[in-house]
Amino acid sequence: MTWDVALILVTDGLANGAIYLLAGLGLVLIFSVTRVVFVPFGDIAAFAALSLAAFETGRVPPTIGMVAVLTALALATEVGGLLRRGEAARIPKAVLMWGVLPAIPCVLAWLAARPGVPVAVHIAVAVLLVVPIAPLLARVVFQPIADASVLVLLIVSLALHFLLSGLGLLFFGPEGSRTTPLTSAVFTLGDGFTVSGQVVLMVGAAIVLSGLFFLVFERTVAGKALRATAVNRVGARLVGIRPVRTALLAYGCASLLAGLIGVLIAPVTTMYYDSGFIIGLKAFVAAIIGGLVSYPMTAVGALAVGVVESFASFWSGALKDVIVFSLLIPVLMLRSFLAAHSEEEEDEVDQ
Amino acid sequence: MKSLMLTLTRGAIAAALTACGVASALAADLKVGLSVSLSGPNSSLGVPYAKGMQAALAYKPEINGRKVQLIVLDDGSDPTTAGRNARKLVEEEKVDVLMGTSGVPAAIAMAQVGRDAKTPMIGLTPILLDANENSWVMTVAQPTQLMIDAVVERMKRNNVKTVGYIGFTDAWGDLVYNALMKAAPEAGIKVVSNERYARADASVTGQVLKIVALRPDAVMTGGAGTPGALPFLALQERGYKGGVYGQHGLINPDFVRVVGAAGQNALMPTGPVIVAEQLPDNYPTKKIATDFRAVFQKVNNAPTSDAFSAYSFDGWLVFADAASRAMKKAEPGTAEFRVALRDAIFSTKEVVGTHGVYSFKPGSLYGVDERARVIVKLDNGQWKLAP
């Protein structure tokens with residue numbers, strides 16, 4: 001191996017790592033606030049990518065229909081719950097929140113699905129279109145079982161993944177798509193070593209977004225509420241934070257991250273209806289390195305996963321994934337060795 | 001007035017039912033059972049197979065004056081369902097011949113049912129079975145070795161001395177690699193790498209860097225469908241200047257769409273039907289291939305752009321030829337007829353199809369020769385014959 005090969009591999013690894021970083025942030029965010037390992041995260045990213053590809057070929061992305069159906073389901077759940085509790089007066093607000101708000105991206109997407117619309121609009125609409133997916137799923141599926149054990153939540157979330165990837169196959173078909181690159185710029189560094197603008201964009205987006213995350217969590221009330229809920233749900237409730245609302249905020253942020261991932265990677269990899277799962281799985285490895293709570297460690301883990309993957313593909317293409325997932329074993333051993341064993345399991349039962 | 005209408009409607013329905021009954025009694029003469037993947041991940045192959053079969057039915061709806069009935073079942077891309085479909089077709093429908101399907105494992109499942117039920121099975125994909133133990137199955141697809149031999153021949157002609165290989169980690173990647181390893185040494189070509197990637201991989205940069213560092217004269221890829229485009233894109237990104245060769249798994253409009261400009265000038269083998277219009281007039285399969293195109297267009301109201309529908313058409317032609325000879329020996333629908341039909345298929349001589357000229361004989365699953373392959377070049381998103 002020569003230096004220039006190593007350099008190319010590192011660049012490639014960092015580009016992939018940037019994607020795992022964003023996905024890892026989303027997973028940690030949802031897990032720390034709601035204790036749900038959100039497996040369908042990657043599927044939402046794939047939906048964004050494939051919706052963008054549908055826009056580019058002049059088709060109306062079937063995602064619109066899915067979001068509309070989810071909206072109807074969530075609205076029905078919410079209104080049903082209000083009626084049962086005899087709080088009919090709050091129905092108009094619920095309709096606004098669960099019926100009108102998620103329908104806005106659908107309408108925008110419907111309007112944008114015609115030739116002649118600028119690429120930037122397509123990208124923005126594709127991201128917006130997937131933003132309601134996670135909060136709506138959470139309202140219909142996770143909110144009624146918010147106090148169940150982590151294992152139950154994990155299994156439900158796995159079932160959701162199969163549902164979404166099945167729908168993806170139905171909507172977009174078995175073949176993959178690529179979208180046109182966001183930028184065709186190429187930066188030449190030194191002797192024949194080039195970095196494509198797309199890679200710079202991916203890494204840049206990861207840096208900017210994680211910076212924004214940091215600011216939001218440290219400086220805003222909403223961010224502090226999220227952190228408080230993550231630390232202790234009951235305690236947060238006692239000081240006037242509503243866990244349901246913070247959970248929805250977390251799902252919304254994660255969905256937005258998934259959408260951004262989708263449009264960032266669609267030009268560099270061929271996206272299939274089930275491509276999201278493997279991205280989510282590798283991000284999960286990164287999140288495990290961060291113990292599913294620590295954002296900085298997740299970031300380090302994600303970059304490590306990306307670089308290891310890239311070098312592994314050079315040494316042995318066939319064993320690449322084996323090497324990446326084997327990273328989990330030493331990490332888990334180290335973590336269980338270092339971690340102070342608290343009474344976490346009992347906490348879950350009490351809640 | 002109302003009751004009159006009712007009576008008329010009833011009468012019409014009764015007449016229609018009787019007509020159907022009579023028609024089916026006549027049509028029951030010859031029965032073809034087709035199981036393909038109309039849904040699921042293999043449906044991009046299965047749907048063209050089914051459309052090709054409809055075109056074949058329209059092209060030759062009668063054999064020796066007897067109607068042929070086609071029964072199509074969907075296996076949902078699942079080998080277990082394919083096996084169950086095959087059992088249903090032989091036990092409930094009592095078909096004379098089985099045909100299918102879109103995946104190799106599913107085709108094997110069907111072939112085993114065919115063997116147990118003593119019903120001939122015409123495969124539409126390559127089938128990996130021992131021909132001596134499976135005397136009821138044959139396939140119209142080209143064996144992988146025949147196709148790869150054509151690629152290696154072309155490499156030799158282009159003065160390629162070393163070739164790097166990159167393919168899938170699955171059975172298809174192995175199949176292509178083994179065929180390449182068999183043909184390349186005889187042609188004096190050295191295979192310098194055996195890189196693999198998974199269908200779902202996002203990037204093959206690492207593998208391609210390794211290949212480029214070895215500086216082979218050419219690169220051979222062992223992928224299929226849209227995931228097969230990945231090495232082409234990565235090689236272009238790394239500025240690789242040598243020739244890139246593919247194989248017949250890549251002849252697919254979705255591959256062309258995803259590979260874009262990176263596939264320019266890639267060479268790969270395929271059945272001649274893909275470039276039927278460009279074949280020289282004396283090419284044996286040219287006429288039937290253009291006939292097939294015309295009848296496909298008429299039946300499905302869309303042009304053919306794939307190789308799969310043509311396999312169905314060829315399967316039908318082989319069956320029609322054999323059935324016309326077997327009908328002299330036994331009555332369709334009986335066990336004797338199925339034996340006669342199998343013997344007739346295995347004595348097929350020079351039946352001209354769209355993909356090649358078929359001559360089956362016992363002890364081999366395949367019935368095609370060098371006439372069933374041409375090398376094509378991808379040129380601005382179009383397949384061009386590269387003689």
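Coordinate-derived values only; no laboratory data. Because the structure is a prediction, the values reported are computed rather than measured. All Cβ positions, even for glycine, are placed from backbone atoms using ideal geometry, and neighbour counts span all protein chains on display.
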Legend entry - Quotient of C-alpha Rg and 2.2 N^0.38 Å, computed over the stretch A:193-241: 1.75
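Need one number: % antiparallel among DSSP beta bridges in the protein assembly as shown, to the nearest 5. Write out the running numbers ahead of the final one.
Details: 17 of 51 bridges.
Of those bridges, close to 35 percent are antiparallel.
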Legend entry - Stokes-Einstein D (µm²/s) once Rh is taken as the Kirkwood radius of the stretch A:23-91 over alpha-carbon pairs, at 20 °C in 1.002 mPa s: 145 µm²/s
Legend entry - Estimated inter-spin distance, residue A:339 and residue B:364, nm [label 7 Å along Cα→Cβ]: 6.3 nm
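Can you give the extra length, in nm with one decimal, that the chain gains between residue B:265 and residue B:379 once fully stretched, where that is 0.36 nm per residue apart less the Cα-Cα distance? Mind dumping the intermediate values first?
Working: separation 114, 0.36 × 114 = 41.04 nm, distance 0.58 nm.
Full-extension gain reported as 40.5 nm.
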Legend entry - Debye-sum result for the stretch A:219-297 in log10 I(q)/I(0), which assumes one identical scatterer on each alpha carbon, at q = 0.15, 0.21, 0.25, 0.27 Å⁻¹: -0.69, -1.05, -1.19, -1.25
Legend entry - 18 Å cut-off, amide nitrogen to a point 7 angstrom out along residue A:96 Cα→Cβ, residues in the stretch A:243-273: A:245
Legend entry - Alpha-carbon Rg with Dmax, taken over the stretch A:104-214, Å: 19.2, 59
Legend entry - Among B:131, B:56, B:213, residue whose mean-square fluctuation peaks in a GNM of chain B (springs only between Cα atoms under 10 Å): B:213
Inset, instruction - Provide, in order from the shortest bin, the percent of all Cα-Cα pairs of the stretch B:195-322 in each 5 Å bin, continuing until the bin that contains the maximum pair distance. - result: 2, 10, 17, 18, 15, 11, 10, 8, 6, 2, 0
Legend entry - For the protein assembly as shown, the fraction of alpha-carbon pairs in successive 10 Å shells from zero, as %: 3, 13, 20, 20, 18, 14, 8, 3, 0, 0
Legend entry - Span per principal axis, largest first, for the Cα atoms of chain A (Å): 72, 58, 37
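What's the extension gain from residue B:116 to residue B:298 if we count 0.36 nm per residue and subtract their Cα-Cα distance? Mind dumping the intermediate values first?
On the way: separation 182, 0.36 × 182 = 65.52 nm, distance 3.81 nm.
Gain on stretching residue B:116 to residue B:298: 61.7 nm.
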Legend entry - Mean separation of Cα contacts under 8 Å (6+ apart) over length of the stretch A:198-266, as relative contact order %: 24 percent
Inset, instruction - Using only alpha carbon pairs under 8 Å that are at least six residues apart, calculate the relative contact order of the stretch B:184-316 and give it in whole percent. - result: 18 percent
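Can you compute the helix-only [θ] at 222 nm over chain B? Use -39500 (n - 2.57) per DSSP H run of at least 4 residues, normalise by all residues, nearest 500 deg cm²/dmol. Kindly include the intermediate steps, with their values, before the conclusion.
On the way: 12 runs with 166 residues, N = 387.
After summing the helix terms and dividing by the residues of chain B, the value is -14000 deg cm²/dmol.
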Inset, instruction - Mind giving me the nanometre distance, one decimal, between the label points for residue B:329 and residue A:227, set 7 Å out from Cα along Cα→Cβ? - result: 8.5 nm
Inset, instruction - Give, as ranges by residue number, the residues of the stretch B:214-230 whose backbone N falls under 16 Å from the point 7 Å along Cα→Cβ of residue B:158. - result: B:215-223
Inset, instruction - Report the local net charge at residue B:377: Lys and Arg +1, Asp and Glu -1, summed over other residues whose C-beta lies under 13 Å from its C-beta. - result: +1
Inset, instruction - Between residue A:207 and residue A:325, with labels modelled 7 Å along Cα→Cβ, what's the label distance in nm to one decimal, could you check? - result: 3.4 nm
Legend entry - Taking only Cα atoms of the stretch B:267-340, radius of gyration then Dmax in Å: 15.8, 48
Inset, instruction - Only helical DSSP H runs with n ≥ 4 go in: add -39500 (n - 2.57) per run for chain A, normalise by residue count and round the 222 nm mean residue ellipticity to 500 deg cm²/dmol. - result: -23000 deg cm²/dmol
Inset, instruction - Give the value in nm², to one decimal: projected area of the alpha carbon convex hull of the stretch A:103-168, averaged over all directions. - result: 5.4 nm²
Inset, instruction - Express as a percent, rounded to the nearest 5, the fraction of DSSP beta bridges in chain B (both residues included) that run antiparallel. - result: 25 percent
Legend entry - Largest to smallest principal axis extent of the C-alpha atoms in chain B, angstrom: 83, 53, 43
Inset, instruction - Name the most mobile residue of B:324, B:309, B:37, meaning the one with the largest mean-square fluctuation, in a Gaussian network model of chain B with Cα contacts below 10 Å. - result: B:324
Legend entry - Whole-angstrom gap from the stretch A:30-47 to the stretch A:245-323, using each part's C-alpha centre: 11 Å
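Taking trypsin sites (Lys or Arg not before Pro) as candidate sites, keep only those in a DSSP loop with at most 12 other Cβ atoms within 10 Å, then name the longest stretch of chain A containing none of them.
Details: sites that count: A:59, A:85.
The longest uninterrupted stretch comes out as A:86-351.
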Legend entry - Farthest positive-ward along the stretch A:92-224 dipole, Cα basis, beta-carbon charges - from A:156, A:94, A:217: A:94
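Explain nothing, just the number: dipole magnitude of the protein assembly as shown about its Cα centre with +1 on each Lys and Arg Cβ and -1 on each Asp and Glu Cβ, in debye rounded to the nearest 20. Walk me through the numbers on the way to the answer.
Details: 60 positive and 55 negative charges, 282 e Å.
For this selection, approximately 1360 debye.
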Inset, instruction - Go through B:176, B:73, A:138 and say which Cα lies farthest out towards the positive end of the charge dipole of the protein assembly as shown; charges sit on Cβ, +1 for Lys and Arg, -1 for Asp and Glu. - result: B:73
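Could you pull out the pairs from B:161/B:286; B:118/B:377; B:60/B:88; B:60/B:377; B:190/B:287; B:51/B:161 whose alpha carbons sit more than 31 Å apart here? Please list the in-between numbers first.
Numbers: B:161/B:286 34 Å; B:118/B:377 43 Å; B:60/B:88 25 Å; B:60/B:377 33 Å; B:190/B:287 39 Å; B:51/B:161 42 Å.
From the list (B:161/B:286; B:118/B:377; B:60/B:88; B:60/B:377; B:190/B:287; B:51/B:161), the Cα-Cα distance tops 31 Å for B:161/B:286; B:118/B:377; B:60/B:377; B:190/B:287; B:51/B:161.
Taking Cα pairs under 8 Å and at least six residues apart, what relative contact order does chain B come out at, in percent? Write down the numbers at each step before the final one.
On the way: 789 pairs, mean separation 66.0, N = 387.
In percent, rounded to a whole number, it is 17.
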